[in-house]
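The values are calculated or read from the model by the stated rules, or taken from the named source; none is laboratory data. Here the structure is a predicted model, which means the values were calculated and not measured. Every residue, glycine as well, gets a Cβ built from its backbone with ideal geometry; the counts of neighbours run over all protein chains shown. The area values use the complete protein model at the heavy-atom level, side chains included, leaving out ligands, DNA and RNA. Shrake-Rupley method; radii C 1.70, N 1.55, O 1.52, S 1.80 Å.
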Amino acid sequence: MSKTVVVASGYFNPLHFGHVSFLQKAKDAGTHLIVIVNNDAQAERRRVGLPGISMPARDRVRLVRSLACVDAAMEAVDEDDSVADTLRMLHPDLFANGGKQVATEKEAAVCAELGITLLVGLGIEMLLLQPFTQHYEWGKKRGESAVALLAGESEWSPGSLSSPNGSRPYAELWMGDHPSGPSKVRTPNGAMTGCLISTLKRSPSVLGEKLAQDGTLPFLMKVLSIEKALSIQAHPDRELAARLHRDRPDVYKDANHKPEIAIALTAFEALCGFRQVSELHAFVVAVPELRSAVGEAAVAALQGAVTSGELAEEEAAIRLAYCTMMRTPEAEIERLVPEMVAQDAPEAENGHSAALAKAYNIVKKCNKQFGNDIGLFSIFFLNYVEMSVGDCLYMAQNIPHAYLSGDIVECMACSDNVVRGGLTPKYKDIDVLCEMLVYKGGLPPCIAPCPVGDMTWLYAHKDLEEFQVTKMLLLAGKARRFCFSAQGPTLGFVFSGAGLLKISDETTKLVAGVVFLLSAGVDCDVIAVDDLHCYVACCPPQYFNPPARKDLMKAFPHA
């Protein structure tokens, strides 16, 4: 085995856990670790005007040398504030910098001259992020938007909405490193220090061993504020996403799948998954324009499926009805929609009248927003969902859905792939949509939050590989210690309240809109000053150590 010598440096005045974490990561980068401890003259210059205890260099050297990961430690011989001369004397293979520290100009010059590789970002325990705001036209106005609140551009509260202030809509807040809207890294005083994408490339140890190779987050978290309905859409599975991206990269921006969940921050309405075949058949029979769009062959197939109760026959009937409707000529849609919206909701057989009346109300509302759009007919096909705060909707790959109104936390595999089929002026990929969808009728897919501690709930599912979300409510004066992921990073934000986040010897103030990224395996103490409401996302344990199928079912007995 070849020998790789790593040199790390620091004041260690005093030594704390953050230093130990940094030195352990430095040792992992090679076979031998030598630590340079800044001398007394350097330490004295550094601490001028600062309170606290100063340890002599000889004691700091002894403490560092006692660590199991350290092979040798020595006092810096430099007279300035760098360790360049000591580095030249040691001539290691690698020079490691911890946390947000970077090599000085003199140190970098020595490394370039001697061929020493620079490592940066080792031991970073937390990054503060500035999320990316999207102003899509379906978003809420500033005074009504949770997105505007969290972006620091509005006064808003879930219980008492202020009057609109400003015309630009606030639609989405992106937290993560997706290229279409990457977060920025910021200092506690708000200064921007770079893009998260480049930061993770420079400091991949933040992500943990498995994710460090790619240097990217496998998930993306958002907050959405929805005033106007989003498009009828679905997200492709991995195989289809790869093909779409290969063939049409201008439309489909990446090759990843995009399962996602939506957790209600306020009252939230959506459409998701196909209705039960009996309800869909009742709608088709009751609404002449819908019947015309699906055709008599589909009406007969739906009736047969209701009678037989066979799953395969139900799926085939829903597929025939939906695909026939989606391929209705535009001129026919222009004729049918005005006739349909001019009427009140008809009565439906077998107790489905209330559901049909609700669907009609949504159709009329969306008709005002989108005109005679083919997506209006999809409203009759898809389950209508009303959700209260904390409820969670699950959009698996290839499942049709549309958000109608409300504010949500959304978490997904890191992708921006969307196949649209209506309620949008954007490109509608009808053929791909019809081919990809899962035509299984049933109740809307939801995830029940699982209590994992006092006023803490976990949103997870056996089929969600890349992410899980924890909702945390901490009452004023309470404190808890968390390690959300031992092997991967944790991305979180404060929705409301105030508190403190303590990691090693650093304390960060928490207020609404603060977004943070914790490094893999970091323990943190959360203290609530006022009642604190946070959401955090991380990879589930099985992402790193996939269990056998029977073990997976034990982990998610209700999935």
* Subset of region 384-415 [within 28 Å of Thr324 (Cα to Cα) and among the charged types (D, E, K, R)] -> none
* To do: Tell me, please, whether a residue that is touching a strand residue (DSSP E or B) at 6+ places or on another chain (Cβ under 7 Å) and within 30 Å of Cys450 (Cβ to Cβ) can be found in region 241-254.
  => no
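Considering only residues of region 117-140 that are assigned to a loop (DSSP other than H, G, I, E, B) and in contact (Cβ under 8 Å) with a residue 40 or more places away in the chain, which is most open to solvent (accessible area, probe 1.4 Å)?
Within region 117-140, the match that is most open to solvent (accessible area, probe 1.4 Å) is Glu137.
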* To do: Report yes if some residue within region 479-499 is in contact with a Gly (Cβ under 9 Å, 6 or more places away or on another chain), open to solvent by 10 Å² or more (accessible area, probe 1.4 Å), charged (D, E, K, R) and over 18 Å from Ala262 (Cα atoms); otherwise report no.
  => yes
* **Residues (under 19 Å from the mean Cα position of the chain (by Cα) and of a type in the set (Lys, Arg)) located in region 466-493** => Lys471
* **Asp78 being acidic (Asp, Glu) and open to solvent by less than 30 Å² (accessible area, probe 1.4 Å)** => yes
* To do: Select from region 402-461 the residues that are open to solvent by 50 Å² or more (accessible area, probe 1.4 Å), modelled with pLDDT of 95 or more, assigned to a loop (DSSP other than H, G, I, E, B) and charged (D, E, K, R) and list them in ascending order.
  => Lys428, Lys440
* Asked: Out of region 256-301, which residues are farther than 22 Å from Val469 by Cβ, surrounded by fewer than 18 Cβ atoms within 10 Å (Cβ to Cβ) and among the aliphatic types (A, V, I, L, M)?
  -> Ala297, Ala300
* Asked: Which number in (1) without any contact (Cβ under 8 Å) to a residue 24 or more places away in the chain; (2) more than 27 Å from Gly115 (Cβ to Cβ) marks the one condition that Ala41 misses?
  -> (1)
* Asked: From the set of residues in region 183-222 that are part of a strand (DSSP E or B) and touching a Ser or Thr at 6+ places or on another chain (Cβ under 9 Å), which is most open to solvent (accessible area, probe 1.4 Å)?
  -> Lys184
